[in-house]
Amino acid sequence: MSDIHIPGTRQTPTVDFRFSENLLKLSGEAYPENAVTFFEPLNAAVEAYLAASSEPVNVEFDLRYLNSAATKMIFKLGGILNKAAEHRLVSLRFVVVEDDEMVQDLGADFQTDYSWINFQFVEVAL
């Protein structure tokens, strides 16, 4: 499976899915004009990767802002990862800027909803 790298823009996150290294990273801001069009191919690629491999997976979310449509798609990705975590180790490093309550709440919801994932909050200064 080919790795996926998409440079971030003002509205879309940087995507660094290194399937060859079992590493999936999303960073930056996420409010694409059409969240489904942006995220659905990524979610499908992750599903295909997980179906073809049983290796542990490391995931990092370092997101600064998400609109509601992007949040919905990120949660869909979380569901895909959580299902995989029932049968293999999936570690999620969730980076948040201190005092960013919106992203902190998102991380807390993620941790609650996806209990199979090995979750780590990392708080950084702005």
Checklist outcome for this item: Taking segment 4-60 and keeping residues out of contact with any helix residue (DSSP H, G or I) (no Cβ under 7 Å at 6 or more places or on another chain) and of a type in the set (Ser, Thr, Tyr) leaves THR9, THR14, SER20, SER27, THR37, SER53, SER54
Checklist entry - Residues GLY28, GLY8, GLY78: which one is modelled with pLDDT of 95 or more and on the phi > 0 side of the Ramachandran plot? => result GLY28
Checklist entry - Within segment 81-93, can you find the residues that are of a type in the set (A, V, I, L, M), over 10 Å from the mean Cα position of the chain (by Cα) and closer than 16 Å to LEU26 by Cβ? => result VAL90
Checklist entry - Which one is surrounded by the fewest Cβ atoms within 10 Å (Cβ to Cβ), of the residues in segment 24-40 that are farther than 26 Å from GLU86 by Cα and small (Gly, Ala, Ser)? => result GLY28
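The values are calculated or read from the model by the stated rules, or taken from the named source; none is laboratory data. What you see is a predicted model; the values in this text were computed from it and never measured. Note that we place each Cβ from the backbone using ideal geometry, even for glycine, and neighbour counts take in every protein chain shown.
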